[in-house]
Amino acid sequence: MRYFEFYNPVQICAGDDALGNLKYAADSLGIRHPLLLTDETLTKLGLAAKFLSLTGLSNCTSYDRVPADSSVDTVNQIAKLYRDQGCDGIVALGGGSVLDTAKGVKLLIGQRADDILGLMGCENLPRGERVPFIAVPTTAGTGSECTPVAVIRHPDRSVKLEYISPYMMPDAAFLDPRMTQSLPPRVTAATGLDALCHAIEACTCDQHNPLSDAFAFAAMRIIVEKLPIAVGRNASDVRTDMAVAACMAGAAFGNSMVGAVHAIGHALGGVCHIAHGEAMAILMPHVMAFNRARDRALYAPLLPLFPGEEDPVEAVTRFVRGVSEAAGLPTRLRDTGKFDRSRVDEIAEKALNDGAMIVNPAYLSKEDVAQLLLRAE
């Protein structure tokens, strides 16, 4: 067996009333004055107030202006707030952007740095100062609560930067169905399909390994069964299942990587501001078809997940399209209202420079990416 590594130190606390244990975890980590990161939508919906009521967390410095796409400027600003307010730990309540922002802040504080751009190539950084960190995802998709990866936008360059370091990971993650029950069908579908893409790319990229495969296939089994149900109703058991599946998919790709779907999706997000989950759902069938044309057996292990189907790529395509249509997600890039055909070459160039492209199971040239984008249009 070829050499591989698997690492995931995050304590996962999942299920009904999981948040009832968060205050104890915070106390155990020595958090007395936490920086609570969230976004304005969760504040307006009352979810941030509900979170504080359910956990009993107090003495917080709160910041709720994390944007939909985390940015380097936001990370730098929040790190300064953390220091100015004398905070001693981070609690992040939100989706992938909030959690990735928290990771960037933790990295800055731990490394005693002021600008996240100065920490590029952070895989090689030392551990730095201890910064206690608790993650509470409010979507079931990114798996950011258990990955060593943060995607942070550089607005001036229209690009999403990938930061990778085990020292950004949370100490604990709380998966409580009450934090995801209010998700509308469209967001439920988009984030759930993002999790599916994580799992598929994790078990087919060049760096996949037996442990990451185990997490990926366990996640896919849940998603294929539960996501169509979750799109239609908010039962707590289904919401917990999806949160756990997204977390497992995160643990999978955090130890193997993803591939071209994410590389191109990151570029689309940076250039055209297409929502990440929507980009994944649109691109996944096209990239899988491209990869399978180079390796006919690549996706064969997925077939048992779809009883009665004969072609794994067609099975995944039908599943993705079915969920997308049920939730009102766009199935073509043009349907997002944000795709700019005149910037295809720019998107392709940025995709090729994305780290996820390196481990895609098939090589893509700039022309391949451009043609794939036009097919998805």
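Structure values in brief
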{"read-out": "Extended-chain gain in nm, criterion 0.36 nm per residue less alpha-carbon gap, N21 and A68", "value": "14.1 nm"}
{"read-out": "Estimated inter-spin distance, A14 and R2, nm [label 7 Å along Cα→Cβ]", "value": "2.8 nm"}
{"read-out": "Theoretical gain in end-to-end length, R127 to S28 [0.36 nm per residue, Cα-Cα removed]", "value": "33.6 nm"}
{"read-out": "Square roots of five times the Cα gyration tensor eigenvalues for the range 172-230, Å", "value": "24, 13, 10"}
{"read-out": "Relative packing of peptides 20-27, 66-73, 324-331 - highest average C-beta neighbours within 10 Å first", "value": "66-73, 324-331, 20-27"}
{"read-out": "Alpha-carbon gyration tensor eigenvalues x 5, square-rooted, for the range 218-274, Å", "value": "25, 16, 9"}
{"read-out": "Cα point-scatterer Debye curve for the range 64-165, base-10 log of I(q)/I(0) at q = 0.11, 0.13, 0.15, 0.20 Å⁻¹", "value": "-0.28, -0.40, -0.53, -1.00"}
{"read-out": "Estimated distance in nm for a label pair at E377 and R221, the labels positioned 7 Å out from Cα along Cα-to-Cβ", "value": "4.3 nm"}
{"read-out": "Residues D115 and A289, FRET efficiency given R0 of 41 Å [Cβ-Cβ distance, rounded to 0.05]", "value": "0.50"}
{"read-out": "Fraction in percent of alpha-carbon pairs per bin - 5 Å, the range 238-300", "value": "4, 16, 17, 22, 23, 13, 5, 0"}
{"read-out": "Angle between the chain longest axis and helix 96-110 axis [Cα atoms, degrees, rounded to 10]", "value": "50 degrees"}
{"read-out": "Dipole-positive endmost among M288, A245, S324 within the range 194-333 (Cβ charges, Cα centre)", "value": "S324"}
{"read-out": "Size of the range 242-377 as Cα extents on the principal axes (Å, biggest first)", "value": "41, 32, 28"}
{"read-out": "Tilt relative to the chain, helix 260-272 - C-alpha long axis, 0 to 90 degrees, to 10", "value": "70 degrees"}
{"read-out": "Per residue, the convex hull volume that the Cα atoms of the range 93-224 enclose (Å³)", "value": "132 Å³"}
{"read-out": "Acute angle (nearest 10 degrees) that the helix 276-294 long axis makes with the longest principal axis of the chain, alpha-carbon atoms", "value": "40 degrees"}
{"read-out": "Proportion of all alpha-carbon pairs of the range 260-337 beyond 18 Å (%)", "value": "44 percent"}
{"read-out": "Pair I229, L81: separation of 7 Å Cα→Cβ label points (nm)", "value": "3.8 nm"}
{"read-out": "Equivalent ellipsoid semi-axes - Cα gyration tensor, the chain, angstrom", "value": "31, 23, 20"}
{"read-out": "Accessible-area composition of the range 310-377, carbon plus sulfur, in percent [1.4 Å probe]", "value": "43 percent"}
{"read-out": "For the range 148-307, the fraction of alpha-carbon pairs in successive 10 Å shells from zero, as %", "value": "11, 37, 39, 13, 1"}
{"read-out": "Alpha carbon convex hull of the range 1-113, volume per residue in cubic angstrom", "value": "149 Å³"}
{"read-out": "Magnitude of the charge dipole, the chain, Cβ model with Lys/Arg +1 and Asp/Glu -1, debye to 20", "value": "360 debye"}
{"read-out": "Lys pairs under 24 Å by Cα in the range 35-144, provided they are eight or more residues apart or on distinct chains", "value": "4"}
{"read-out": "Rounded D (µm²/s) - the range 304-376, Kirkwood Rh over Cα pairs, Stokes-Einstein at 10 °C, 1.306 mPa s", "value": "110 µm²/s"}
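The values are calculated or read from the model by the stated rules, or taken from the named source; none is laboratory data. Just so it is clear, the model here is predicted, and its values are computed rather than measured. All Cβ positions, even for glycine, are placed from backbone atoms using ideal geometry, and neighbour counts span all protein chains on display. Accessible surface is based on the protein model in full, side chains and every heavy atom, while ligands, DNA and RNA are left aside. Shrake-Rupley method; radii C 1.70, N 1.55, O 1.52, S 1.80 Å.
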